[in-house]
Amino acid sequence: MRVRFSTCKGTNILCDSINEVLGQITGILLNPDTGKVEGFFAISALPMIGTPFLSTIDITKWGAHVHVRETGTVFPLEDHVRLQPLLEDNRTILGQRIRTESGRKIGVCHDVQFNSDSMRCEWLFPRRFWRWCTPIPFSDVLEVRQDAIIVRDPNTSVKDPVQQESPLEILQQIPGIGSVPEN
């Protein structure tokens, strides 16, 4: 299922073993190099020291609620040793400026769409001022820097002027039109 992050904010995290809400999704942690969704920041229903976090590994099903098996799946982000290098990296995707490789400014990434089965980012949704811009596939991202997300320049299908034919040359190639009948 494809999910836009803005629509899943506030989604309940439901523990299937006890049928109880463990918290709600408030943020997303994306790997800037691979586009993989590493997990979600949450508001915990249980008292907790640290930043409540749900790793994507612990999600069993995504629907109206995010389903997990165990009650201990929402636990402090600081305890995720595997994610510490990613947390220390200052490169982000949401809230980051987007530019083309030629330097043209596109906007700021205000939303992402990910696949809930593969947990991979598929689309970036930039905004410029108050307007949404054309979505950009994550496959077009060349590099995520601290100052901007660099994407491929849009394809331009302009022919080389030397190879373009004039309308007269095109008409002359059509049998019966381009030739003058001889008497």
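At a glance:
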{"quantity": "Difference of contour (0.36 nm per residue) and Cα-Cα distance, Asn115 to Lys61", "calculated": "18.2 nm"}
{"quantity": "Heavy atoms of Ser44 accessible to a 1.4 Å probe, total area in Å² rounded to 10", "calculated": "30"}
{"quantity": "Portion, in percent, of the accessible area of segment 43-154 that falls on carbon or sulfur, probe 1.4 Å", "calculated": "52"}
{"quantity": "Chain lengthening between Thr7 and Asp33 when straightened (0.36 nm per residue, less Cα-Cα)", "calculated": "7.0 nm"}
{"quantity": "Set of segment 53-67 residues, backbone N closer than 15 Å to the point 7 Å along the Cα-Cβ line of Phe41", "calculated": "53-55"}
{"quantity": "FRET efficiency, 1/(1 + (r/R0)^6) with R0 25 Å, evaluated for Arg128 and Ser102 via beta carbons", "calculated": "0.90"}
{"quantity": "Simple label model, 7 Å out from Cα along Cβ direction - Ile49 to Asp16, nm", "calculated": "3.3"}
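The values are calculated or read from the model by the stated rules, or taken from the named source; none is laboratory data. Predicted model only: the values in this text are computed from it and were never measured. Here the Cβ is made from the backbone with ideal geometry for all residues, glycine too, and neighbour counts use every protein chain on show. The accessibility values were calculated without ligands, DNA or RNA, using every heavy atom of the protein model including side chains. Shrake-Rupley method; radii C 1.70, N 1.55, O 1.52, S 1.80 Å.
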